[in-house]
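Q: For reference, the structure I am asking about is given below.
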Amino acid sequence: MPHRIFEWEEIAQHYYNGSLLLGNGASIAVDGRFGYTSLIDHAREHGLLIDDIHQLFEFFRTSDFELVLRLVWQASNVNRSLAIPDARTHAAYVRVRECLIHSVRDVHPEHQEISEHIPAIYAFLKRFRTVASLNYDLILYWTIMYGIGVPDRHSLKDCFVNGQFYEDWRRLRDPIYGDTSTTLAFYPHGSLVLSRNNIESEFKVTGNGNSLLEAILQAWQSESVVPLFVSEGTSQQKINSIHSSSYLNTVYREVLTSLEPSLVIYGWGFWEQDLYILQRISSSQIRQVAVSVYGNDQVYCNRVSHAIQSTLGASVHVHFFRSNSPGAWNNAA
C-alpha cells in the first residue's frame, strides 16, 4: 500500500511542535548551489586539488576538508613553536586553506541572494522547541539574526553567548526580556560560522548578514583559526571528528539524546553515512516522526519508514508531507 503524503498544515497543528532536524535538501530548496556532491568533489572538478593536497587526503583516508586543514595547521604551529624549519608543512597548510576558501566562495551564496527566503524559514522554525541543522552553511545563522529584529516575543537562540557556547544550554530555554517562547538551535556537524584557535577554544565568528561570509573567510586566512564543521566522510570518521570538539560532542551527547517526543525531519536523505544521527536520536524516546518528501517518491518513503522504525522502534508513527507544502520550510503559508 502506498504511503499517504500529507500537506504540512494537515499534520502540523495537531502533532508537531517539538524538534526539527534539517538536512541538505533544506539548503538546496533555498539555493541550488547547495546541491554540490561535496566540497572536495567541487575542488577536484575545478582543478583546486593539486597533487600534494591530494596526497594528504589519501594519507589520512578522508574527504573531510576541516580535518585535513586542522591537522596540517597543528603540525605547522608545532614546528613554528619549536623553531623547526619546515616551510613545506606551512605551504601545504596554506594550499589546503586556499582550496577550501575557493570552494566555499564558489558554492555558498551571499546573504542578499537568499534573504527573500528567510522570513518564511523563520516562521517555520519558531514553531519548534529545538532545531538541529546538519548543514554547515549560514542559512540557520542568518535566520537567527533575522529573528532578533522581529517583535513577536519569541527568541531563536543558538546557545552562543558573547561568542562562546553556553554549557548550561538548557537554562536558555527560559524566556527573558518579555519574550513568551524560545527555540534553541544547534549545529550537530558544526557550521561555517564556528571556529577554533590553536589552543582548541571554540567560538562563533561575528559579522552582519551582508559581510559575514567574507568575515569568516578572512578569519581563516589570518592563520589564527580553523573552521569547525564536519563535511564529508564515513559514519566513523564523522563521529571521530565530533568527539574532537567540545561543542559538537556536547550536542551529540546531550542535545540529540533529549529531543522532544515529536520530530520533524526536513530535507534529509537518510543515507548510510549519516544514520548514526538517527541512532543517537533513538535515546530521545521519540514517539512520532514527520518526514518531508519531494514529489511522490514512494521508494524514499519505504526506505525512510524502514530506517525509522528499525532504529527508533516499531511503535513510532511516521507521517510524510510534501516538501513544498505551504508553511513548510521556505514555502510561505
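Q: Where the accessible area of the chain is counted over protein heavy atoms with a 1.4 Å probe, how much of it, in %, is carbon and sulfur?
A: 51
Q: Given the protein chains as shown and a 1.4 Å probe, how many square angstrom of His111 are accessible, to the nearest 10?
A: We get 40 Å² for His111.
Q: Counting Lys +1, Arg +1, Asp -1, Glu -1, what net charge surrounds Val193 among other residues with beta carbon under 11 Å of its beta carbon?
A: Taking every Cβ under 11 Å from that of Val193, the sum is -1.
Q: Let me ask something additional. At most 12 other C-beta atoms within 10 Å and a DSSP loop state: those are the exposed chymotrypsin sites (Phe, Trp or Tyr not before Pro) I care about. Give me the longest piece of the chain that has none.
A: 1-176
Q: If exposed means no more than 15 neighbouring beta carbons inside 10 Å and the site is in a DSSP loop, what's the longest run of the chain without any exposed trypsin sites (Lys or Arg not before Pro)?
A: Answer - 154-333.
Q: Separate question: Lys/Arg Cβ at +1, Asp/Glu Cβ at -1, dipole of the chain taken about the Cα centre: which of Leu39, Asn324, Gln55 is farthest positive-ward?
A: Towards the positive end, the residue furthest out is Asn324.
Q: Now for a different question. Less than 28 Å apart at the alpha-carbon level, and either on another chain or at least 8 residues along: which lysines does that give for Lys238?
A: List returned: Lys157, Lys204.
Q: Less than 14 Å Cβ to Cβ from Ala87, Lys/Arg counted +1 and Asp/Glu -1: what total charge do the surrounding residues give?
A: So the environment of Ala87 carries a net charge of +1.
Q: Helix-only mean residue ellipticity at 222 nm, the chain, DSSP H runs n ≥ 4 weighted -39,500 (n - 2.57), per residue, nearest 500. What is it?
A: Rounded to the nearest 500, it is -12000 deg cm²/dmol.
Q: For Rg and Dmax of the Cα atoms in Å, one of [x] 24.7, 85; [y] 20.1, 69; [z] 18.9, 54 was computed from the structure I shared and the rest are decoys. Which label?
A: Computed from the coordinates, Rg and Dmax of the Cα atoms in Å corresponds to [y].
Q: Further, regarding this structure: Largest first, please: the extent of the C-alpha atoms of region 197-333 along each principal axis, to the nearest Å.
A: Principal extents (Cα only, largest first): 50, 34, 25 Å.
Q: Let me ask something else about it. Quick one: compute the contact order of the chain, relative version, from alpha carbon pairs under 8 angstrom and 6+ residues apart, as a percent.
A: 26 percent.
Q: Relative to the first principal axis of the alpha-carbon coordinates of the chain, what is the inclination of helix 298-312, with its axis defined by its Cα atoms, in degrees from 0 to 90 and to the nearest 10?
A: 80
Q: Another one. Could you do me a favour and compute the accessible area per residue for region 107-167, 1.4 Å probe, result in Å²?
A: Here the per-residue accessible area is 40 Å².
Q: Moving to a separate point now. Shape verdict for region 112-159, please, from the Cα gyration tensor: rounded (a/c under 1.5), prolate (a/b greater than b/c) or oblate.
A: Oblate, since a/c reaches 1.5 and b/c is not below a/b.
Q: Considering only DSSP beta bridges with both partners in the chain, what is the antiparallel share in %, to the nearest 5?
A: Percentage antiparallel, nearest 5: 25.
Q: Further, regarding this structure: Give, rounded to the nearest 20 debye, the magnitude of the charge dipole that region 1-137 has about its Cα centre when Lys and Arg contribute +1 at Cβ and Asp and Glu contribute -1 at Cβ.
A: That gives region 1-137 a dipole magnitude of about 500 debye.
Q: OK, next. Straight distance only, please: which aspartates and glutamates reach the Cα of Lys126 with their own Cα at less than 16 Å, same-chain residues fewer than 8 apart left out?
A: Correct list for Lys126: Glu9, Asp152, Asp158, Asp174, Asp179, Glu260.
Q: Could you tell me the center-to-center distance, by alpha carbons, between region 228-259 and region 136-202 in angstrom?
A: 17
The values are calculated or read from the model by the stated rules, or taken from the named source; none is laboratory data. In this text the structure is predicted, and so the values were computed from the model without any measurement. Cβ: placed from backbone, ideal geometry, glycine included. Neighbour counts: every protein chain shown. Quick note on the areas: whole protein, heavy atoms, side chains included, nothing else; ligands and nucleic acids left out. Shrake-Rupley method; radii C 1.70, N 1.55, O 1.52, S 1.80 Å.
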